[in-house]
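Peer 1: My questions all concern the structure below.
The values are calculated or read from the model by the stated rules, or taken from the named source; none is laboratory data. Quantities reported herein were computed from a predicted structural model and do not represent experimental measurements. Please note: Cβ atoms are built from the backbone with ideal geometry, for glycine as well, and neighbour counts cover all protein chains shown. To get the accessible areas, we keep the full protein, side chains included, count just its heavy atoms, and leave off ligands, DNA and RNA. Shrake-Rupley method; radii C 1.70, N 1.55, O 1.52, S 1.80 Å.
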Amino acid sequence: MRIRSDLHSLEKFTRRLRFFAGGFGRYFLPSAIFRFRFRRQLAALSDSERAYAENRVSYYVRLSPEAVIDRDRSVEVRRFRFPWRGKHRFSSYFLDLFPTVRIGRPTDRFCYTFGDIDFETASPQFVKARPIVGEGACSNSVLARLNSVRHFSFVSDTIPYSEKKPLLMFRNIVRNQPHRTAFLELFHNHPLCDAGQVNDDEYVTDREFIKNYIPVAEQLNYKFIATIEGHDVATNLKWVMSSNSIAVMPRPKIESWFMEGSLVGDYHYIEVRDDYSDLPEKLRYYLDHPDEAEAIISHAHEYVRQFLDADRELLIGRMVADRYFSLLR
């Protein structure tokens, strides 16, 4: 287990190194290159590829016809620069947004909010997450693929579902998150669960909830992994759905570039009630019906595959930015 944990840590470090090296490498390229590549990529799309991409763009951009940009908060494309002398807390967010908005005209204006978002923004802006909006509903929150180095991390799981432990795994930070605390109150000592929080600080409500940190590589030994939303989306949902384990969660309330609002309960993940009251019953059901459990894993893998083509994801991000600028000019 130690070797697998070390390998995962090395892979994580290498992934971040590649991300920042590539991000800053693109940063110094002329804007004309971004616009040229965007036009060339669009022209190369087949009819089916364009239809798929446009469908994704329509999911992310749901601005109303009356939407108006907040000029006091907005920035011009040509003036969107890395804050070398400022705080670098959101540097990964910047490096994700930068190569997408650079396809706009130099004087195009846009707004953005970095960090965890669980509310609808007052004006049109790029965000990592937003409350799930129903089909046909409008939203000022335009989804972008932000903090991708953390959120879009997938795994290569070689452990078959049949060989995993028949338990639900949960290890996470719990800080001012009543829904996660409620989960721990119910299941931190449950025989079907190995659940605990890893932070030992002033936010701990019960010291019995504290358990040792378990790396992702070791969490893959469990058949079920709880993916409970945090301050916005559940960060671990993406890698869990790419594994041979099954995500277990209530129906999502927040969505991101991963389009959580389009996931189907008991098809892509095991859906439980908001109060978790049916969780033991659902776990026992899928333990008794392994074929149905493996079908969920297969559906999850199929869903995840659409996010694995880095070039296509960047193109769709640029199409989102292009739609944003076109609607707000």
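Peer 1: Could you sort 178-185, 215-222, 73-80, 305-312 so that the peptide with the highest average Cβ count within 10 Å comes first and the rest follow in order?
Peer 2: 215-222, 178-185, 73-80, 305-312
Peer 1: So, one more: Springs between alpha-carbon pairs under 10 angstrom, Gaussian network model over the chain: which of 153, 277, 141 fluctuates most?
Peer 2: Between 153, 277, 141, it is 277 that shows the largest mean-square fluctuation.
Peer 1: Something else now. Ratio to report: Rg/Rh of region 209-258, with Cα atoms as the point set and Rh obtained by the Kirkwood method; give two decimals.
Peer 2: When Rh is taken as the Kirkwood radius, the ratio is 0.97.
Peer 1: In the neighborhood of residue 285, defined by Cβ-to-Cβ distances under 15 Å, what is the net charge if each Lys or Arg adds +1 and each Asp or Glu adds -1?
Peer 2: Here the count lands on -4.
Peer 1: I've got another one for you. Local charge sum around residue 188 (other residues, Cβ-Cβ under 13 Å, Lys/Arg +1, Asp/Glu -1)?
Peer 2: So the surrounding residues net to 0.
Peer 1: Restricting to the chain, compute how many DSSP beta bridges are antiparallel as a %, nearest 5.
Peer 2: That works out to approximately 15 percent antiparallel.
Peer 1: Now for a separate question. Can you tell me how region 204-310 classifies by the Cα gyration tensor, rounded, prolate or oblate, using a/c under 1.5 as the rounded cut?
Peer 2: Taking the square roots of the gyration eigenvalues as a ≥ b ≥ c, region 204-310 is rounded.
Peer 1: Any of 253/282; 165/253; 211/238; 128/223 with alpha carbons more than 27 Å apart? Name them for me.
Peer 2: From the list (253/282; 165/253; 211/238; 128/223), the Cα-Cα distance tops 27 Å for 165/253; 128/223.
Peer 1: Calculate what fraction, in whole %, of the accessible area of region 1-154 sits on carbon and sulfur atoms when a 1.4 Å probe is rolled over the protein chains.
Peer 2: Whole-percent figure for carbon plus sulfur exposure: 54.
Peer 1: Hey, another quick one. When a/c reaches 1.5 or more, the comparison of a/b and b/c decides; with that in mind, is region 145-256 rounded, prolate or oblate per its Cα gyration tensor?
Peer 2: Taking the square roots of the gyration eigenvalues as a ≥ b ≥ c, region 145-256 is oblate.
Peer 1: Give, as a single signed number, the net charge of other residues whose beta carbon lies under 13 Å from the beta carbon of residue 317, with Lys and Arg counted +1 and Asp and Glu -1.
Peer 2: Once positives and negatives cancel, what remains is +4.
Peer 1: Then there's this: Leaving out ligands and nucleic acids, note down the accessible area per residue over the chain with a 1.4 angstrom probe, in whole Å².
Peer 2: So the chain comes to 49 Å² accessible per residue, rounded to a whole number.
Peer 1: Another question, then. Among 94, 224, 82, whose mean-square fluctuation peaks in a Gaussian network model of the chain (Cα, cutoff 10 Å)?
Peer 2: 82
Peer 1: Gap in Å between the Cα centre of region 99-125 and the Cα centre of region 244-308?
Peer 2: 31 Å
Peer 1: Turning to a different aspect of this structure: Could you tell me, in Å, what Rg and Dmax come out for the Cα atoms of region 57-157?
Peer 2: Expressed in Å, the Cα Rg and Dmax of region 57-157 come to 14.3, 48.
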